[in-house]
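The next block holds one structure in the form of structure tokens; read it before the comments.
Quick note: the coordinates plus some simple rules give every number you see, no bench work behind them. Keep in mind the model is a prediction, meaning the values are calculated, not measured. All Cβ positions, glycine included, derive from the backbone under ideal geometry; neighbour counts span all protein chains shown.
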Amino acid sequence: ADATLTQQLLVDGILPSLAPLLVDTAGKREPLCEVVYAYTQPQVLARLNVLRGLKEGMSSMPAYICCLSYFLPMELELGLDDEHLLRHYQYYALVALQSQEPSVRVAGLTMLSAVSLQSTHFATNVLQEVHNFASLGRDEWWEVQGQFLLLAGRLLEHTASLSEAGKAGHEAATEQLIA
């Protein structure tokens, strides 16, 4: 019962107060995100509920996406590699790649790299989206280029591990990654 009450207090009481801080103080986002997840129950539905509550309380999608880039490694460290949870991160990572803010694009690429490592299914999903973000390899920001190269390396490793039949469907994506 205490775990349920703690979770409810977090969602109803703490997140609405914490959300503006997460938007306004970019330098303190990571430790604040660690505090949020310290009080979040380790079940997938509890995590999704906190993410939903946080998104509703934040006035800035870029700030929310940056928070997600801090939450994802914590999820994976706990072994919460649930498909629904990873899809949530993958969706917002792809949204992040369209941002005008380089830090948000970096956050999106970081999340895609992490998600791609979790399963061949997710790596294949990311490969299918390469045409939407291959130009980030030539981004004017070196941080974006660096994260793109890390993601490209992971996706090329994934492609190399596929059977010949599997590789055939990803030739265009592979060419875009190395172009």
Check: Say we look at region 100-125 and pick out the residues that are small (Gly, Ala, Ser) and within 24 Å of ARG29 (Cβ to Cβ); which of these is surrounded by the fewest Cβ atoms within 10 Å (Cβ to Cβ)?
Finding: SER103
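For region 137-151, give me the residue count where each residue is surrounded by fewer than 21 Cβ atoms within 10 Å (Cβ to Cβ), in contact with a helix residue (DSSP H, G or I) (Cβ under 9 Å, 6 or more places away or on another chain) and over 19 Å from CYS67 (Cβ atoms).
Residues flagged as surrounded by fewer than 21 Cβ atoms within 10 Å (Cβ to Cβ), in contact with a helix residue (DSSP H, G or I) (Cβ under 9 Å, 6 or more places away or on another chain) and over 19 Å from CYS67 (Cβ atoms) within region 137-151 amount to 9.
Let's see how each residue does on (1) crowded, with 21+ Cβ neighbours inside 10 Å; (2) of a type in the set (Val, Ile, Thr); (3) closer than 21 Å to ALA46 by Cα:
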residue: HIS84; (1), (2), (3): no, no, yes
residue: VAL95; (1), (2), (3): no, yes, no
residue: GLN98; (1), (2), (3): no, no, no
residue: LEU127; (1), (2), (3): yes, no, no
residue: HIS131; (1), (2), (3): no, no, no
Margin query: With the structure loaded, tell me whether TYR91 is among the aromatic types (Phe, Trp, Tyr), surrounded by fewer than 18 Cβ atoms within 10 Å (Cβ to Cβ) and closer than 20 Å to LEU151 by Cα or whether it fails that test.
Written below: yes
Note to self: So, in region 49-58, how many residues would count as being under 13 Å from VAL23 (Cβ atoms) and touching a residue at least 40 places away in the same chain (Cβ under 8 Å)?
What the structure shows: 1
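Can you tell me which of VAL104, VAL115, VAL11, VAL44 is over 18 Å from the mean Cα position of the chain (by Cα) and not polar (S, T, N, Q)?
VAL11
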